[in-house]
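In what follows, a structure is listed as structure tokens, so that the remarks can point back to it.
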Amino acid sequence: MPRDFKLLRSQIASLLASRIPDPSTWRTPKRGERVPTGNFETDSLTGGLPRGAITEICGPSGSGRTSLMLSALALRTAEGEACAFIDAHNAFDPYSAEATGVELSQLLWVRCASIDQAFRATDLVLHAGGFGLVALDLGDFPPETVCSLPLYVWFRFRRAVEHTPTIFLVLEQEPHAKSCASLVVQMETGSAQWLEATQNHEEISGDPGVRLFRGSRLMSKVLRSRAR
Amino acid sequence: MSTELLLPGAAMSFASIFVPDFMLQAVVRSAPGIGIRAMVLVDAASPLRPVICLNQQAATRGIKPGITKSEVEQFGGIGILQRSRPQERIAHAALLDLAWSISPRVEDTAPDNIVLDLAGLASLFGSDEKIIHRLAEGAERLGLETQIAAACNIEAAILASRAFPGITVIPEGEEAAIIGKAPVTALLFSAAGATVSRQNGETAGAAHDLTGLLETLKRWGVHTCASFAALPVLELSERLGQEGVRLHKLARGGAVRALIPAQPAGHFEEEMELEDAVAEMEPLSILLGQLLERMCSRIAARSLAAGGIDLRLQLRPSFEDGRITAGHPFAQTTDPGEGEASDIFQLALRLPAPMSDPSTLLKLLVLRLQSAPPPAPVVKIMLAADAVRPRTSQGDLFSAICPDPEKVELTVARLASLVGDANIGSPELLDTHRPEGFRMCRFDPISVSRDSCRPARSSLGGRIQREQKGHARAPRSPSHGLEKDVQSALRVFRPAPAARVEIRNGYPVQIAFSGFRGRVIAASGPWRSSGDWWTEDSYAKDEWDLEIQSSSKTKSGKQQGVYRVCYDCAKKGWYVWGTFD
């Protein structure tokens, strides 16, 4: 009987081959387009940000989440794409964004007063379509606040962006979208880089004020990636 | 001077559109729900309020022009409307737009009458009959009942449209025969370009001077154009002068003149007066939809699109409502010119791209109204639009991802109703060192081709561009210099929490704010800035970039981060501006 069954299956599959692909054969999932974040280390780890999917950037405050997100925004706006930034905690600094290279005229900044408002605004923006990158900043909300939101919200967001060229970037302290996210990047706090000022090529020592803050080194690792 | 190419031997053809009882139709058109019933129009400016226009149903009830409003009320069941000159102006403009949608050469003959040049339109719209039917359908959509006639000369077309109901097409050479059947009243009023009422022999408006001539013709037994044309010209000129000769030529269908083209205007207006004030948003949106539908069809007929919409709502005047509207951002009190002040609620909708879809425009208007509703019931709706050429764009495989301007506008309006107008837009940096020196601008993304020569943006590039534009703002602090793997974006605390800072040898060593306490392990500063000292709102601050290690331990060890801390020289206090992330 098993032999007949195999024969029957192969006969049906060969008959329908031109119309329906054989469900029993393994098909390599189609890999969507990915775009760089602008950070070499993160790009080499993740392969870039996937279009038509949810990407979560997680990490504690000071880990470089905002810098990575602004870097991605800068690249997208430089390409002429319209981007949206849903600011749940009203923490966006336009000067930092401009210094990173974000074309501010291509950026829609939505300043929200609550997390509920932020999710409603995100839903409106995602369903409007046409944006190259939509960033939702939940970075200042404690994980338990974001956890209290129902999981179907993330499914709804995933449905809204899939099969579209939109990159949906969520910035938060811990990952919450679970299986809805195609890529989850964990940022870790790097050491602050200080530039000691010199005068006549001699370093001034003992004066803690004569130094410049250059930034923090970005350190990231991939928690989940569908394509890798 | 016509620029159209006319084939040799091609016959000239004109169409005349006449709106009977124009004054009444103009008012009925803007008053929803009146339906077909006996109606009269009274002149509110006159103390006795005489009837100046009436429809066929009212005429069959025995009402005549000139009787007073109180006399009409005795009949019972007669709708009494007041004359509205703005409505007449709008109805006339709508009629002109209809004509321009067919022909570029249109003559504005009279408020109730326009003439179109149909020469050369056959290849576009077909025969003259087809064009006339198209015009009739268009007029019906505008809410106007019309009489249309086509002829080889203008005067014959005008006379036929005024004399015969429905559609009349006069073949070439048969002008005299067809016009001959027209009543002499139509001839006189056609010559004067005046409005004729339903009652033969009665006059209105500018046609009042013709009453004497009409009486004379009646005494002669002349009732039709044919009988007038049969009179000898010489004797007619002896009795009626040159005017008589001109009328004689018109009655024979032999008067020929050139068309005087009118110049199309780019401004469109529609308004609706309501019998009962509307206080709810839903019925108001339905009425707005009707007006927008009408306006957009007019705009689209001219192959244009609305560049912006101005909505004005006249509110029901009352003491309490007036008191409420006094503080409303969109309200203003105006005197409409009839002696009594009324509240006008204004709303200007500026569009990023020209639009002609009434449903999109309605959604935008309703969203704006929902965020700032009119403070009193609405008694009159006035819409105005400036029309511009529609946006033409061709899809490009290599163009960047950019939402449609219509969708952007709609989404932004929805977001604005959610988060407030002030909290949405594109940030624009101002030429100042003041904290929060930016403003929110309208989000107006530009779709550019990926392979176009867009300048590569970088921190330095952006700064150079800004300096070239005249912005003298220097980098706020050296910390904005970016390298590939070293980033420093600031997350701003709004409002900035106050901090207690311990200073030793001029440098901060300990800091405490919002329940957080830490030791400063590295500091950069002070970066001093001040300005606007000539205003009351001056600022002076010292900025520090502080690397702080918290005193308390968390799960992941001691918390450490770089913060921007400011000393406000005016308030004599420390504030934490934000943290680098």
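Results, tabulated for the structure shown:
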| read-out | value |
| --- | --- |
| Gain on full stretching of the segment that runs from B:Thr216 to B:Glu428 - 0.36 nm per residue minus C-alpha separation | 68.6 nm |
| Contour minus Cα-Cα distance for A:Cys147 and A:Phe40 (0.36 nm per residue) | 35.4 nm |
| At R0 = 41 Å, FRET efficiency that the Cβ-Cβ distance of B:Arg141 and B:Glu174 yields, to 0.05 | 0.85 |
| Whole-number D in µm² s⁻¹ for region A:36-223, Kirkwood Cα-pair radius fed into Stokes-Einstein, 37 °C, 0.692 mPa s | 190 µm²/s |
| Contact order normalised by residue count of region B:48-197, Cα under 8 Å, 6+ apart, percent | 15 percent |
| Computed E for A:Asp116/A:Phe155 - FRET, C-beta separation, R0 22 angstrom, nearest 0.05 | 0.80 |
| Net charge contributed by nearby residues that have their C-beta within less than 10 Å of A:Val35 (K/R +1, D/E -1) | -1 |
| Centroid-to-centroid separation of region B:251-278 and region B:152-166 [C-alpha atoms, Å] | 17 Å |
| Value of relative contact order over chain A, rounded to a whole percent, pairs C-alpha under 8 Å and six or more apart | 25 percent |
| Across B:Lys363/B:Lys407; B:Lys181/B:Lys249; B:Lys64/B:Lys218; B:Lys130/B:Lys181; B:Lys218/B:Lys249; B:Lys181/B:Lys218, pairs whose alpha-carbon gap is larger than 22 Å | B:Lys130/B:Lys181 |
| At R0 = 60 Å, FRET efficiency that the Cβ-Cβ distance of B:Ala498 and B:Ser70 yields, to 0.05 | 0.20 |
| Shape category assigned to region B:14-251 from the gyration tensor of Cα positions, a/c cut at 1.5 | oblate |
| Summed side-chain charge close to B:Arg442 - residues other than B:Arg442 whose Cβ falls under 12 Å, Lys, Arg +1, Asp, Glu -1 | -2 |
| Pair B:Ala512, A:Glu188: separation of 7 Å Cα→Cβ label points (nm) | 3.4 nm |
| Residues of region B:510-543 with amide N under 13 Å of the 7 Å Cα→Cβ point at B:Ser552 | B:513-518 |
| Net charge contributed by nearby residues that have their C-beta within less than 10 Å of A:Pro165 (K/R +1, D/E -1) | -1 |
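Taken together, the values in this text are just the output of simple stated rules run on the coordinates, not laboratory data. As the structure is a prediction and not an experimental result, all values here were calculated from the model. Note: ideal-geometry Cβ built from the backbone for every residue, glycine included; neighbour counts use all protein chains shown.
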